[in-house]
1. Going through segment 21-70 one residue at a time, which ones are at pLDDT below 90 and loosely packed, with under 11 Cβ neighbours inside 10 Å?
2. Test of understanding: among LEU312, LEU286, LEU274, which residue is among the aliphatic types (A, V, I, L, M), surrounded by fewer than 18 Cβ atoms within 10 Å (Cβ to Cβ) and under 16 Å from GLN175 (Cβ atoms)?
3. Give segment 84-96 a look and list any residue that's of a type outside the set (Phe, Trp, Tyr), closer than 25 Å to ILE127 by Cβ and near the ligand (Cβ under 8 Å from one of its atoms), or say none.
4. Within segment 62-83, restricting attention to residues that are in contact with a helix residue (DSSP H, G or I) (Cβ under 8 Å, 6 or more places away or on another chain) and free of Cβ contacts under 8 Å to residues at least 12 places away in the same chain, which residue is farthest from the ligand (Cβ to nearest atom)?
5. Hey, can you tell me all the residues within segment 289-340 that are farther than 18 Å from PHE247 by Cβ and among the basic types (Lys, Arg)?
6. Would a scan of segment 101-123 turn up a residue that is surrounded by 21 or more Cβ atoms within 10 Å (Cβ to Cβ), within 16 Å of the ligand (Cβ to nearest atom), at pLDDT 80 or above and closer than 20 Å to ARG49 by Cα?
7. If the requirement is being under 32 Å from the mean Cα position of the chain (by Cα), modelled with pLDDT under 85 and under 21 Å from THR270 (Cα atoms), which of these qualifies: SER318, SER368, SER311?
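The values are calculated or read from the model by the stated rules, or taken from the named source; none is laboratory data. Every value quoted in this text rests on a predicted model; they were computed, and no experiment measured them. Counting neighbours? That spans all protein chains shown, and the Cβs are built from the backbone with ideal geometry, glycine included.
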Amino acid sequence: MQEDDVAFWGPSSIEDFTVKTAYDSLVGVQDSVSSLPWVRIWNWYGPQRIKTFFWLLLKNGVLVNEERRRRHIATNAACGMCGLYMENRLHMLHDCLDARRTWEGLHKFCDLEWFFNPSLHLNDWIICNISSKLQAGSGVKCCTIFGVGCWNIWKKRCGFILNNERLSPESVLSQTIIMAKSVEDARMTTIVGERVPRQPVSVFWKPPLSTMLKLNMNTDASLERGTCHAYGGGLFRDASGQWRQGFVTNIRVCSILLAEIWCIFHGLETAKALRIRLLEVESDNLVAVAMIIGKFEVNISCHAIVEKIRSLLLEFDSTLVRHVHREGNSDTDLLSHHAYNFERGVHVLEQPPTDLAIWLLYDRLGISYNH
Ligand SMILES: [Zn+2]
C-alpha cells in the first residue's frame with residue numbers, strides 16, 4: 001500500500017518547522033549543540049558574573065582600548081598597564097607582561113593544558129581552557145583556575161585604571177587560588193551525590209599564655225543600617241578570663257573593613273595607655289588580619305592606618321595578631337553594639353555592660369560554639 005507524500009521539515013528531528021532549525025541550517029551549524037561556545041561557557045561552573053564576562057569577551061563586548069578606539073570613545077589604543085602594545089583582548093589576558101607573570105605562577109599550581117599554545121585563536125583558547133577536564137592540586141579543576149584567573153586579571157586592570165589600585169601579580173595569584181577553591185567547594189556541595197557534609201569546627205575563647213593579656217576586637221554588624229555609620233568595640237581580658245578594661249568607638253561612615261582596622265588601631269592605643277607590654281590581638285575579620293600581618297595586599301584606602309598599626313605593634317615587647325571565628329568573638333560583637341549610644345570618638349569602659357557578663361562567664365567556662 002502506498003501512502004500519500006507528506007511535506008516535512010528535514011532539519012528538525014520532529015519534522016516540524018522551527019525558526020531555530022532554520023537559523024542553524026542557514027548559518028551551517030553542524031556540530032552537536034554541546035560544542036557551541038556559549039554552551040561551554042554556561043556549562044562552566046562558577047559565578048554568573050564571570051560567565052557573563054566570558055560571553056562578552058567572545059562577543060568582543062569587553063571594552064579594551066582597541067575596541068574603545070574603534071567605537072570612537074578613546075583616542076589611544078595602548079595598553080594601560082604596560083603602555084608598550086595595543087590593548088586588545090589577547091594582550092589583556094594573555095600577552096601583557098603583568099598577566100603573563102600571573103599565569104606563570106598559576107601554571108606551577110595547575111597544568112593549563114592549552115595555555116601556551118600560540119596557534120590558537122583567542123576564542124578557541126578560551127573555549128579549550130574553560131572546557132578543560134584536567135585536575136589541579138587540591139582537587140581544583142584547571143578550568144576553574146583559568147576562569148577565575150581571567151576574571152581577576154580583568155578586575156585588576158579595571159582597578160588600576162579606574163581607581164589607581166596597584167596589586168602585585170602574586171596577590172592576583174593568591175586571590176585566584178582562594179576564589180577557585182571556594183568555587184570548587186560550592187560545586188561539591190551542590191552536585192547531587194557529591195554532597196560533602198561540612199564538619200563543624202568547635203570554637204571557644206582561648207586564654208592568653210600566662211601574663212600575656214588578650215585583646216579581642218570585633219566590629220562585625222556595626223554598620224548602622226541605612227547610614228553605613230561604623231561603630232566598634234574591644235575588650236581586654238587576663239589569663240583567667242577576667243575583664244580588665246574595654247572600649248567602644250563611634251567611628252564614622254566607612255566600609256566594614258576599614259572600621260575593623262580602625263578598631264584594632266584604637267585597641268592598640270588603649271593597650272598602650274594601659275601599659276600592657278605583651279599582647280594578643282584577635283579580630284574576626286580575616287582580611288583585616290591578613291593585611292596587618294602582611295599576608296594580603298593592603299588596599300589603598302587602608303594603607304595609612306595599617307602602617308600606623310604596624311608601627312604601634314613594634315612598641316610592645318611581644319604581640320601576636322590572629323584571626324578568630326566570629327562565633328568565638330560574640331561578646332565583643334555585643335560590646336560593639338553598645339557604641340551606638342556613644343558620641344564620636346573612643347570611650348573607655350572600666351566595667352563591662354551588664355548584658356555582657358553572661359557571655360564573659362561562658363568564655364571563662366570554656367563553652368564552645370560550632371562554626
Ligand atoms: Zn600590556
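1. LEU26, VAL27, GLY28, GLN30, ASP31, SER32, VAL33, SER34
2. LEU286
3. Kept after step one, since they are of a type outside the set (Phe, Trp, Tyr), are these residues of segment 84-96: 84, 86-96.
Keeping just the survivors that are closer than 25 Å to ILE127 by Cβ gives 86-96.
Listed by number, the residues that qualify are GLU87, HIS91, MET92, ASP95, CYS96.
4. Looking at residues that are in contact with a helix residue (DSSP H, G or I) (Cβ under 8 Å, 6 or more places away or on another chain) and free of Cβ contacts under 8 Å to residues at least 12 places away in the same chain, I get THR75.
5. Correct list: LYS295, ARG310, ARG322, ARG326.
6. No, there is no match, as no residue in segment 101-123 is surrounded by 21 or more Cβ atoms within 10 Å (Cβ to Cβ), within 16 Å of the ligand (Cβ to nearest atom), at pLDDT 80 or above and closer than 20 Å to ARG49 by Cα.
7. Values: SER368 fails: under 21 Å from THR270 (Cα atoms); SER311 fails: modelled with pLDDT under 85.
Exactly one residue qualifies, and that residue is SER318.
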